[in-house]
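Below you'll find the structure, written out as structure tokens, and then a few comments.
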């Protein structure tokens with residue numbers, strides 16, 4: 001014989017007892033057998049968004065997959081999230097802002113209760129800085145990046161006219177090519193940004209070095225709006241902003257934590273490091289061959 005069980009009876013996991021009753025005369029009630037209604041095993045195929053910028057606040061996640069039911073619970077690093085059942089293939093969940101305060105990753109899974117059920121695969125949501133326009137990501141405290149800028153006659157920019165403060169105007173008497181490096185702090189903490197020139201040998205290397213607290217590289221109209229000092233080393237800035245690797249040059253520029261010119265840089269913050277030779281064609285005061293940058 002065949003029997004139809006109403007869908008409402010199968011909506012909730014558990015054991016269902018089945019027996020057969022035959023009417024009088026004779027007849028009677030059979031023994032009872034049970035079969036179990038179990039929750040499905042969940043699986044995640046994708047999550048939107050799959051990348052979040054640190055500090056972006058509370059985020060609604062759309063979780064796609066299979067085996068979801070009304071009791072499914074999304075979890076982030078084993079912490080249950082407020083979850084809404086949409087369908088057997090879709091859930092939404094609220095990820096609190098406490099999960100995206102710094103770069104890294106968050107593992108999201110779905111838990112279905114017993115009987116049956118189980119825990120889905122982990123799906124990692126990347127917590128990553130917006131790197132648009134960034135030339136150099138500084139992801140490890142204490143790590144040093146060395147740059148070897150080149151200069152060309154086809155690139156001319158009005159020259160700085162001061163070596164110890166951000167100038168009100170730029171000198172147009174001599175135009176000098178410059179290099180602007182957009183760096184970003186991708187560590188998990190606020191850090192100190194340091195930069196300095198490497199001046200090896202006996203040449204009297206000379207260059208301007210400064211920072212811009214900006215997410216865009218300055219143009220001709222904003223070049224004077226620098227952060228901190230414009231440094232030309234011991235002979236330029238007052239007080240002296242000395243490179244830790246000055247060689248024999250007294251003009252070798254440094255903006256370092258040691259001599260007070262380190263700049264605080266927040267998580268994911270972008271800073272422009274600006275490098276400009278005093279005179280890139282000079283044999284007496286050539287530009288330094290390289291510059292170093294680090295967060296610490």
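Laboratory data are not the source of any read-out in this text; all were calculated from the coordinates shown. Only a predicted model underlies this, so the values are computations on that prediction, with no experimental measurement involved. Using ideal geometry, Cβ is built from the backbone for each residue, glycine included, and neighbour counts are taken over all protein chains shown.
Would you work out if the stretch 43-127 is rounded, prolate or oblate? Take a ≥ b ≥ c from the square roots of the eigenvalues of the alpha-carbon gyration tensor; rounded if a/c is under 1.5, else prolate when a/b is larger than b/c, oblate otherwise. Note, shape of the stretch 43-127 comes out prolate. Arranged from fewest to most other beta-carbon atoms within 10 Å of their beta carbon, 271, 89, 293 become 89, 293, 271. Applying 1/(1 + (r/R0)^6) with R0 = 35 Å to the Cβ-Cβ distance of residue 101 and residue 225 gives a FRET efficiency near 0.70.
Between residue 1 and residue 36, the simple spin-label model (points 7 angstrom out along Cα→Cβ) gives 2.7 nm. Remark: 166, 268 ranked as 166, 268, counting other beta-carbon atoms within 10 Å and listing the fewest first. Mind running the shape call on the stretch 207-296? Use the C-alpha gyration tensor, a ≥ b ≥ c as the square roots of the eigenvalues: rounded below 1.5 for a/c, prolate if a/b tops b/c, oblate otherwise. Cα axes put the stretch 207-296 in the oblate bin.
A simple spin-label model places the labels of residue 53 and residue 264 2.2 nm from each other, with each point 7 Å out along Cα-to-Cβ.
Each residue in 72, 243, 290 was given a count of other beta-carbon atoms within 10 angstrom of its own, and listing them fewest first yields 290, 72, 243. Using the Cα gyration tensor of the chain, with a ≥ b ≥ c the square roots of its eigenvalues, what is the shape: rounded (a/c below 1.5), prolate (a/b larger than b/c) or oblate (neither)? The shape class here is prolate. Projecting label points 7 angstrom from Cα along Cα→Cβ for residue 217 and residue 169 puts them 2.7 nm apart. Take the alpha-carbon centre of the stretch 11-25, take the same for the stretch 26-49, and report the distance between them in whole Å. Centre-to-centre (Cα) distance: 15 Å.
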